[in-house]
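Could you have a look at this structure, given as structure tokens, before my questions?
The values are calculated or read from the model by the stated rules, or taken from the named source; none is laboratory data. Note that the structure is a prediction, hence the values are computed from the model and not measured. FYI the Cβ positions are ideal-geometry reconstructions off the backbone, even for glycines, and counts take in every protein chain you see.
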Amino acid sequence: MNFPAEILKKFSIQDATLAAAYSQLAAHALGLSSIWIGMIDEKRIMNVLNTKHVPSSILCIGYPQKILQPKPKRSLLNLIHEA
């Protein structure tokens, strides 16, 4: 299949973003914390990494200082209001 370059670029960015999101889920399952950074200077990152590949984002992964507990779930009856 011959797709135009702009279509390939669009789907490449989407694929990279999905891969980062799944990496965050995997990190969380291992007890790690992560943050996704999308506002980056692409050319500067490319120079630092000495690559021709354009980055979509930076994904920082590490051990959290404290583990946050999820908030208790609210009862469905407390969420429904009738007028």
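Can you confirm whether ALA83 is at pLDDT below 95 and under 19 Å from the mean Cα position of the chain (by Cα)? Steps first, please.
Working: at pLDDT below 95: yes; under 19 Å from the mean Cα position of the chain (by Cα): no.
When the stated conditions are applied, ALA83 does not pass them.
If GLY62 satisfies all but one of (1) touching a residue at least 40 places away in the same chain (Cβ under 8 Å); (2) in contact with a strand residue (DSSP E or B) (Cβ under 9 Å, 6 or more places away or on another chain), what's the number of the condition it fails?
(1)
Also, quick follow-up: Look at ASP41 and say whether it is under 12 Å from the mean Cα position of the chain (by Cα) and of a type in the set (D, E, K, R).
Details: under 12 Å from the mean Cα position of the chain (by Cα): no; of a type in the set (D, E, K, R): yes.
No; evaluated as a whole, the condition is false for this residue.
Also, I was wondering about something else. Please enumerate the residues belonging to the range 26-59 that are under 22 Å from PRO70 (Cβ atoms) and loosely packed, with under 11 Cβ neighbours inside 10 Å. Even if it seems obvious, please write down each step before you answer.
Kept after step one, since they are under 22 Å from PRO70 (Cβ atoms), are these residues of the range 26-59: 26-36.
Within the range 26-59, ALA29, LEU30, GLY31, ILE35 qualify.
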